[in-house]
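Heads up, the thing below is written out as structure tokens.
The values are calculated or read from the model by the stated rules, or taken from the named source; none is laboratory data. Just so it is clear, the structure is predicted and the values come from calculations on it, not from any experiment. Glycine gets a Cβ as well: all are built from the backbone with ideal geometry, and neighbour counts include every protein chain shown.
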Amino acid sequence: MSRNARQRNGATRTRRQARRSSKSGLPPGTLVHLGEVKTARPTITLVEYDGDAIEERTFDSIEASRDYRPTRQTVWLNVYGLQDAAIMSEIGERFGLHPLVLEDIVNTGQRPKVDDYGEYMYLVARAVEVDPETVDISSEQISLVIGRNFVLTFQERRTGLFDPIRQRLRADRSRMRSLGFDYLAYALLDALVDRYFVVLETITDRAEELEDQVLHSASPVLLSRINHFKRETVDLRRAMWPMREVVNQLIRGDTRFFRAETQPYLRDIYDHTVHVIESLDTLRDLIGDMLDVYLTSVSNRLNVEVRILTVITIIFMPATLISGIFGMNFESMPLTDRVNGFWLAIGLMLSVAVTMGAIFWRRNWLGSREP
């Protein structure tokens, strides 16, 4: 992660801590937005449909929506931007939402969960995205309220995550429009889980490329990238892992919100969630193995360098010994009284060094391969 990115993350954490502290002592259900403001101006979109037709509206303010009355069988209300307490309070009053639900919606650090409030069901999930170049993972909270004949979704910003569902609803003779609100809720959850596969595939491709680089040459830069991958997969696991229990609770629940016809689709999401978690565990193992390969490669390279230095030292030890002997202070020594004595001693040193070097080369002690 770049220095600027770390600074931005640090600033974000500082802002969030300040906002948490500002809520200290307030009664439960107080609407205080916790998290980064990702949309300057909240926007409300409304889709209502039945088997015959579909109608779409966009409201830039809560006042513009007060005169609206639903006319179709299924209503899907979506909110971009969660920082406006007045909008949240108005929606909560219109749909009879508990104050704690509204509090959880505006607190964008929620862990994925599902709560049953009798007349409706509140569900929290995490939508994840990844930068293909830097492999930086971003996560944001998606809140769903599933009631009889309506689905409410709350997003921190526009991501295009649910655009394919809108396209399916707009299609002529769309079968989805006749399947009711529970199928709409299923489709929204399915879009979330499908995004997990896209993120995982991107990270896995980058991890495999990094693995090839680690196998060829280990460097501190690669170690930094491996640690970055490791941190990002931890964040990814934190967002994905609880989804299995969330979907499992939907399957085990009663049929007030999900009919028997929709249950097989929920089980399909559960299978996909298990597949995602297994793929994530495999990715984490791959990153862990890369770290082991890096450390092994560095250790092996160090051993080879130490071995080469040791061999060079051993090659010159006889020469050091011979020169030490001929440097002793004796009046009479062999070869010292001869004209070619110096060159004979140098030749003896070189002969011993070349002989030992040839022996070490044959044993492959001077190369990088194992003997």
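Tell me the residue from LEU100, LEU77, LEU144, LEU152 that is under 18 Å from ARG195 (Cβ atoms) and either out of contact with any helix residue (DSSP H, G or I) (no Cβ under 8 Å at 6 or more places or on another chain) or in a strand (DSSP E or B) (or both), please.
On the way: LEU100 fails: under 18 Å from ARG195 (Cβ atoms); LEU77 fails: under 18 Å from ARG195 (Cβ atoms); LEU152 fails: under 18 Å from ARG195 (Cβ atoms).
Exactly one of LEU100, LEU77, LEU144, LEU152 is under 18 Å from ARG195 (Cβ atoms) and either out of contact with any helix residue (DSSP H, G or I) (no Cβ under 8 Å at 6 or more places or on another chain) or in a strand (DSSP E or B) (or both), namely LEU144.
Between residues in region 52-70 that are in the same structural domain as THR39 (by TED's automatic domain parsing) and residues that are in a strand (DSSP E or B) and modelled with pLDDT under 85, which pairs lie under 7 Å by C-beta distance while being six or more apart or on different chains?
SER65/PHE59
Within region 200-231, how many residues are assigned to a helix (DSSP H, G or I) and either out of contact with any helix residue (DSSP H, G or I) (no Cβ under 7 Å at 6 or more places or on another chain) or of a type in the set (Ser, Thr, Tyr) (or both)?
Looking only at region 200-231, we keep the residues that are assigned to a helix (DSSP H, G or I), and these are 200-216, 220-231.
Filter again for either out of contact with any helix residue (DSSP H, G or I) (no Cβ under 7 Å at 6 or more places or on another chain) or of a type in the set (Ser, Thr, Tyr) (or both), leaving 201-202, 204-206, 208-209, 212, 216, 220-221, 224, 227-228, 231.
Number of matching residues: 15.
How many of the residues in region 159-191 are outside any loop (DSSP other than H, G, I, E, B), surrounded by fewer than 13 Cβ atoms within 10 Å (Cβ to Cβ) and among the acidic types (Asp, Glu)?
Within region 159-191, residues that are outside any loop (DSSP other than H, G, I, E, B), surrounded by fewer than 13 Cβ atoms within 10 Å (Cβ to Cβ) and among the acidic types (Asp, Glu) number 1.
Name the pairs: first residue in region 191-219 and closer than 21 Å to GLU278 by Cβ, second residue surrounded by fewer than 13 Cβ atoms within 10 Å (Cβ to Cβ), Cβ to Cβ under 6 Å, at least 6 apart or on different chains?
What qualifies is THR202/PRO132.
So for region 265-276 (the condition being at pLDDT 90 or above, among the β-branched types (Val, Ile, Thr), surrounded by 19 or more Cβ atoms within 10 Å (Cβ to Cβ) and out of contact with any Leu (no Cβ under 7 Å at 6 or more places or on another chain)), does at least one residue qualify?
Yes: one or more hits.
Where the second residue is among the aromatic types (Phe, Trp, Tyr) and part of a helix (DSSP H, G or I) and the first is closer than 14 Å to ILE142 by Cα and lies in region 93-112, which pairs have Cβ atoms under 9 Å and are six or more apart or on separate chains?
Pairs that qualify, where the first residue is closer than 14 Å to ILE142 by Cα and the partner is among the aromatic types (Phe, Trp, Tyr) and part of a helix (DSSP H, G or I), are PRO112/TRP241.
Among all residue pairs at least 6 apart or on different chains, which show Cβ distances below 7 Å where the first residue, located in region 246-269, is in the same structural domain as LEU144 (by TED's automatic domain parsing) and the second is part of a helix (DSSP H, G or I) and of a type in the set (Asp, Glu)?
These pairs meet every condition: PHE257/ASP182; PHE258/ASP182; ARG259/ASP182; THR262/ASP182; ILE269/ASP190.
Taking region 133-158, which residues are among the charged types (D, E, K, R) and surrounded by 13 or more Cβ atoms within 10 Å (Cβ to Cβ)?
Here is the first cut: in region 133-158, the residues among the charged types (D, E, K, R) are 133, 136, 140, 148, 156-158.
Matches in region 133-158: ASP136, GLU140, GLU156, ARG157, ARG158.
I need the full set of residues from region 200-257 which are over 20 Å from the mean Cα position of the chain (by Cα), of a type in the set (D, E, K, R) and either within 17 Å of ASP289 (Cα to Cα) or surrounded by 16 or more Cβ atoms within 10 Å (Cβ to Cβ) (or both), in order please.
Residue satisfying the conditions is ASP212 alone.
Looking at (1) more than 28 Å from ILE226 (Cα to Cα); (2) at pLDDT below 90, which is the one condition that is false for ILE142?
Among (1) more than 28 Å from ILE226 (Cα to Cα); (2) at pLDDT below 90, ILE142 violates only (2).
In region 33-57, how many residues are under 28 Å from the mean Cα position of the chain (by Cα), surrounded by 13 or more Cβ atoms within 10 Å (Cβ to Cβ), not charged (D, E, K, R) and not in a strand (DSSP E or B)?
Summing the residues that are under 28 Å from the mean Cα position of the chain (by Cα), surrounded by 13 or more Cβ atoms within 10 Å (Cβ to Cβ), not charged (D, E, K, R) and not in a strand (DSSP E or B) in region 33-57 gives 5.
So which residues in region 136-153 are out of contact with any Leu (no Cβ under 6 Å at 6 or more places or on another chain) and either without any contact (Cβ under 8 Å) to a residue 24 or more places away in the chain or not small (Gly, Ala, Ser) (or both)?
Initially, region 136-153 is screened for residues out of contact with any Leu (no Cβ under 6 Å at 6 or more places or on another chain), giving 136, 138-143, 146-150.
Those that are out of contact with any Leu (no Cβ under 6 Å at 6 or more places or on another chain) and either without any contact (Cβ under 8 Å) to a residue 24 or more places away in the chain or not small (Gly, Ala, Ser) (or both): ASP136, SER138, GLU140, GLN141, ILE142, ILE146, ARG148, ASN149, PHE150.
I'd like to check something: does region 296-318 contain any residue that is at pLDDT below 70, loosely packed, with under 14 Cβ neighbours inside 10 Å and at negative phi? So that I can check it myself, show each step before the final result.
Kept after step one, since they are at pLDDT below 70, are these residues of region 296-318: none.
No: zero hits.
I need a count of the residues in region 65-86 that are farther than 23 Å from ARG148 by Cβ, surrounded by 16 or more Cβ atoms within 10 Å (Cβ to Cβ) and not polar (S, T, N, Q).
Qualifying residue count, region 65-86: 4.
Give just the number: which of (1) modelled with pLDDT of 90 or more; (2) assigned to a strand (DSSP E or B) does ILE105 not satisfy?
(2)
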